[in-house]
Structures are given as structure tokens and as C-alpha cells.
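See below for the structure under consideration.
The values are calculated or read from the model by the stated rules, or taken from the named source; none is laboratory data. Predicted model only: the values in this text are computed from it and were never measured. For neighbour counting, all protein chains shown are included, and Cβ atoms are generated from backbone atoms with ideal geometry for every residue, glycine included. These accessible areas exclude ligands, DNA and RNA; they are computed on the full protein's heavy atoms, side chains included. Shrake-Rupley method; radii C 1.70, N 1.55, O 1.52, S 1.80 Å.
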Amino acid sequence: MTITLDSKIPDGPLADKWQNFIANERLVNPANKRKFKIIVVGTGLAGASAAATLGELGYQVEAFTFHDSPRRAHSIAAQGGINAAKNYQGDGDSVHRLFYDTIKGGDFRAREANVYRLAEVSVDIIDQMVAQGVPFAREYGGLLDNRSFGGAQVSRTFYARGQTGQQLLIGAYQQLARQIGLGNVKLWNRMEMVDVVNIDGRCAGIVTRDLMTGEFSSHSAHAVVLATGGYGNVFYLSTNAMACNVTGAWRAHRRGAAFANPCYTQIHPTCIPQADDFQSKLTLMSESLRNDGRIWVPKNPDETRRADQVPEDERDYYLERIYPSFGNLAPRDVSSRAAKRMVDAGQGVGPLKNGVYLDFAEAIGRLGESTIRERYGNLFDMYERITGENPYEVPMRIYPASHYTMGGLWVDYELMTTIPGLYCAGEANFSDHGANRLGASALMQGLSDGYFVLPYTISQYLSEWLNKPIPDASHEEFRKVQQEATDRFKGYMAIGGTRGPDHFHRELGRIIWDYCGMDRNAAGLEKALSEIPALHEEFKKDLKVTGSDTNVNQTLEKAGRVDDFFELGMLMCKDALNREESCGGHFRSEHQTDEGEALRNDDDFAYVSAWEWSGDMANPIEHKEQLEYEVVHFQTRSYK
């Protein structure tokens, strides 16, 4: 399949593009919608909202999740809030300001038209979720409350204590459940998508594996939507749920979907530091905590006193010192690198000296413990259960960790990949966040794509297929792809080695974190590109999968996902090596200012790198979508 990058950005001024698209799009009338079948893979915020809305519009929808319930999707783990340009606080917010903050936060590496649309529809998301009963926090008078997040100087984040993702997912899930009950959506649970089927140059459906029985099956449709989340678990240690993986997006990539900006990964600055070498998961502490918590380290690297015994003049509130305009709410990439510099300089805190303090003493003294408990109570409880330390009495210890991925499948303005008929929504695509996502914008993008973008854009494609026959699952290509998937999993079972997939995942994650994590350089990336294939070969020869392939076998599931992580890891390192600049979460130590900040190269790298699968993971083919800005202008990011 030959890849052509056509972003399909509508004509007209930036502020009018989305409305121009809606005014001129090709439609499918209500009676004809019933003739079209759409598959949605993934039931997080993007997938659940897309499936529910498409079902309500009248399309035949089949939704697939590898969970037992859609409510187990990783969207549930989002804590801090969701952005929207409502300007309820009257503090100067607007659609344009949210758009600009997002472009700037992404270090001028996002597609301008997509970002403006995201800001534009953000105001509708809040109305939609309030109507569904989401219990957003409210002020004393009953109005919706807001708080601040990193990279913004206004309060535009709507929240439900520290469990915003959970409440939003319940809202989207109840709409999905309603459509399931009405017969408009068919839910397939405990089913993992393991491949994409293309026939005559278009996506014709998917192949799945039943995680309860091991049975493979094929499913045809007029269009397929992938809403399968991000690939942050490639690092092994991350804030992602253990089951999060890249398989859905990667299998589409291997079938012809371009993978964009894979090196753009986000390291979240406020996570509980790793406690030992046996740990398999890291825990997020919401960015919202930085509204009231102050981040500091002792000025003396040899400090041994308890945090509350260190005098103020012997503390370094380094974010407030370096970035006075934004202080503790500097963007995630900036804050993460600053924490790393402190720890690398020997000023880390905790038993392993691998963290920094997030201190609430001043806020508790100013507002009272009861107010802090109202705002962050569940987060404080979670921290105490994990660490055994009471954050009302002693500062939290935090350190950056892998959290989100800005890279993903390349999509055009209509969210279609380079495979006609295959769409991608939410974190699984690359479209809105550039090289760094601002806090509280992931939930905004997921719901924007599912509720307010895909339901409009998908009719552009479907209208061309009205009353035209499409291949069903009995087609020869479905049988071929299904057999390939069956053979792949039987191959994992037959290796008969000595080490489980977790061993290889841990080793792979260490390589990628060390050489393609917060700090990257050419020598390290070259080393990773030599070590990953060697480890992959060992995986192919020494993998051990216990149990059977005809019933529940999580080891077998993990083997397939880790296999895809190996190929993704190679592409991440190749992309990072190729991009000779620093921007957002991609920090090449050879390209930094005298003050240690990211140094972009707009002349040579102001583009989206969209990689084509060549059949050899060591030699992908790069395509470029040049980024052209009509309204914003390139400038060096400054949060000082």
C-alpha cells in the first residue's frame, strides 16, 4: 500500500474551518444509516462516546473490548480534570486562548486546524457531560468550579475531585449501555483485536481473539474505528494500567496505517517514585495537586533531617525560582526535566533519593485541612495506602514517570488513517497535542473525537458506499489474515523457552527508558537500536508461555503485546534519532539552550514524521507532513 499524506484541512479562516466542514460535508440520511455497519475497537472515553453516538444516529455498531466491562477502560484512571474554554471564572479564557496554549504547550509541533477544532468543541463537552449527570465539582452557589493545570494562566479545568476520568467514563458508559439495550450497539467483551483486514485498498474489518476460549473470529464492516489508547507501557514502568498496549494500533500500522511521531512520549512530573527493582507499575498523583502543593528539594544534597524540620531558607522551590510566571504549574515536560536535574544533582529525597517533595503545609495553613481534604482527599488516601506516609503531615514524594503518548496513528482532519475506512480516535492517534500534551487535555480530546468529530466526519466516507456491496467475513482475505493470527499465537506457545514475557518486557522497558526516555542523545539511541533487536531475537528463542491457548491465558496475551512493543520500540528510537532537535517531551541533550531548555529546529523539523511499515522493523520508511501555521507563529517557549 502506497502512503499519501492528505490532511484534508477545510478551506477558510482557521476559526471557520470546522463550521465550513459541517456545512459542506456529505451526509447519510437517517433511513440509510441503518444500512451501514461500523466497528469500534476500545470502549474508553473515545470509543464509548463514539459507539454510543454512532448507535444513536442509527448506524449498526459493534463495539469490542478486551475487558469484561467497558467501565474497566484506562480512561477511568484519569484524575485531575478536563479542560474547556468556558471562561466561567471570567479570567480571560477563550477558545483562541485554549487553542494557543495547546499549540504552545505542544512546542509548535501539532496541526493547527485540528487543535483549533478541539478548543472549539471543548465548550460542548461540558454541557454534554453535565446533562448525563457527571458530578462535576461546584462552588458554594452551585455553579461549576474550575481549577488550574500546567501550561495555562487561567482556570479552565472542570473536575470531580480526583476521579474525573472515572465519572466521565460512567457518563459515557451509561449512554453506551442505553444503545446496547436498544439494540443499536452490539458489545463484544473479552475480545482482543489482533489484526486488521484490508480488501481492495480499504479497511474491511478486523480479526479478534476471544480471551476466554482462545477462538479467533473475523468481523466485517463498512468502517472501523480504533480507540485503543496509548503505548506508554512500552517503558514497562508507567502510570498506565497493566493491560494497556499498542497491539491495536501496531497491527493497523503493519497493514498500511502510517504511525506518526512515535518518539513523542509524555513523562508526567507527579508520580510516586519507584520503591524497588521488582515493581511492575507506577502510580500517578494528579497534576491538580500542583494547584496547592509546592515542589522543592533541600539545597544541601546531604540533608538528613525530616522535611518539616528543614528551614525555609534551606529549601529550593526550584519551579517557582526558574519559572516565576507559571511556578509549580509549568508544563509537564518542563517540570519533569527540572525534577530530573535536581535528582541527578544529588538533591533527591526519600530512601532512594529518587524523588522531590510536593508540600501542602502552606496550603493547609492558609485554607485549612478540611478544604484540602475536599479537593484532594481520595488522592491523599491513595498516597498514604501506597507509601505509609500521611501527606497531611509530611510532604508527598514525587518523581516523573511515563504517562501518555502524543504519537500514534497518523490521521487526517476527518480522523481517517492512511487506510481508507479505518479511523482512529483518542490517545491512539497523533492529532492534537504535538510534542507535549497539556494536563487535562486527554479527556477533552477523547470526548471531542467520540461525541463531536467522528459522528460528523465518518459520513464523508460512508456516503460513497451507499447500496454498494462489501466483502463479508467469508472472504478469502479474512480467512488468510485470521490464519496468520492463529499461527502467530501458536508460535508463541511452541517456543518452549525459559523466560516469560514479563522478563522481556522489563528488559525492553529498561533499554527504552535509559536511551529514549526523558533525556536522549545520538549515542544512546544508536545503542538502543542495537540492543533491542538482540533482545527480540532472544524473545523469539527463549519465550516461555505456560498453560493452554484454548482458555484464559494472560501470559499468552502478554506475549503478543510484548512482541509488538519490540517493533514499536525500534520505531521510537529511530524517530528520536532522526529528529535532530529538542521539542516538548522529545529532549535531545545535544540540542538544548545554555539554560538546559529544549532547543527546536524549525527550519528542518517543523513536520509530522509519519512512518510506513516496510516489512523490516529496522528500516521503516519516513513520510513528512509539513506543519504550516496560519495564525500562530513559531517562537521559543518560555514559562518564566
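Could you tell me what a quarter of the Cα convex hull surface of region 50-180 works out to, in nm² with one decimal place?
9.3 nm²
Where does each of 402-409, 547-554, 110-117, 359-366 land if you order them by average Cβ count within 10 Å, highest first?
For the peptides 402-409, 547-554, 110-117, 359-366, the packing ranking is 402-409, 110-117, 359-366, 547-554.
Would you compute, from DSSP H runs of 4+ residues alone, the mean residue ellipticity of the chain at 222 nm, taking -39500 (n - 2.57) per run and dividing by the full residue count, rounded to the nearest 500?
-11000 deg cm²/dmol
Only Cα pairs under 8 Å and at least 6 apart count here; give the relative contact order of the chain as a rounded whole percent.
20 percent
How large is log10 I(q)/I(0) at q = 0.10, 0.16, 0.19 Å⁻¹ when the Debye formula is applied to the Cα atoms of region 476-600, each weighted equally and without solvent?
-0.42, -0.80, -0.96
Given the peptides 251-263, 219-231, 626-638, 510-522, arrange them by the average over their residues of other C-beta atoms within 10 Å, most packed first.
219-231, 251-263, 510-522, 626-638
Return the ratio Rg/(2.2 N^0.38 Å) for region 238-287, where Rg is computed over Cα atoms only.
It is 1.48.
Could you compute the net charge surrounding residue 130? Neighbours are other residues with a C-beta less than 15 Å from the C-beta of residue 130; K and R count +1, D and E count -1.
Every neighbour counted, the sum reads -2.
Counting Lys +1, Arg +1, Asp -1, Glu -1, what net charge surrounds residue 7 among other residues with beta carbon under 15 Å of its beta carbon?
-3
Report, to one decimal in Å, the Kirkwood hydrodynamic radius for the chain based on all distinct Cα pairs.
Its Kirkwood hydrodynamic radius stands at 24.9 Å.
Return the whole-Å distance between the Cα centroid of region 293-324 and the Cα centroid of region 109-163.
33 Å
Straight distance only, please: which lysines reach the Cα of residue 353 with their own Cα at less than 18 Å, same-chain residues fewer than 8 apart left out?
Here the lysines satisfying the reach criterion relative to residue 353 are 299, 340.
Extent of region 105-205 along each principal axis, from alpha carbon coordinates, in Å, largest to smallest?
55, 41, 22
If you average the alpha carbon positions of region 394-446 and of region 329-360, how far apart do those two centres end up, in angstrom?
What the calculation gives is 25 Å, centre to centre.
Please go through the residue pairs 186/480; 281/527; 33/490; 104/624 and name each one whose alpha carbons sit more than 28 Å apart in this structure.
In this structure, 33/490 exceed 28 Å between Cα atoms.
Given q = 0.11 Å⁻¹, what are the Debye log10 I(q)/I(0) values for region 268-403, with equal point scatterers placed on the Cα positions and solvent ignored?
Values, matching the q order: -0.35.
Report the convex hull volume per residue for region 188-308, counting only C-alpha atoms, in Å³.
189 Å³
Relative contact order, percent, of region 268-403 when contacts are C-alpha pairs under 8 Å separated by at least 6 residues?
Averaging sequence separation for qualifying contacts and normalising by length gives 35 percent for region 268-403.
Given charges of +1 on the Cβ of Lys and Arg and -1 on the Cβ of Asp and Glu, with all other atoms neutral, how large is the dipole of region 1-145 about its Cα centre, in debye to the nearest 20?
560 debye
Out of the total accessible area of the chain (probe 1.4 Å, heavy atoms of protein only), what percent is carbon and sulfur?
47 percent
What net charge do the residues around residue 185 carry, taking every other residue with its C-beta under 14 Å from that of residue 185, with Lys and Arg at +1 and Asp and Glu at -1?
Charge balance in the 14 Å sphere: +3.
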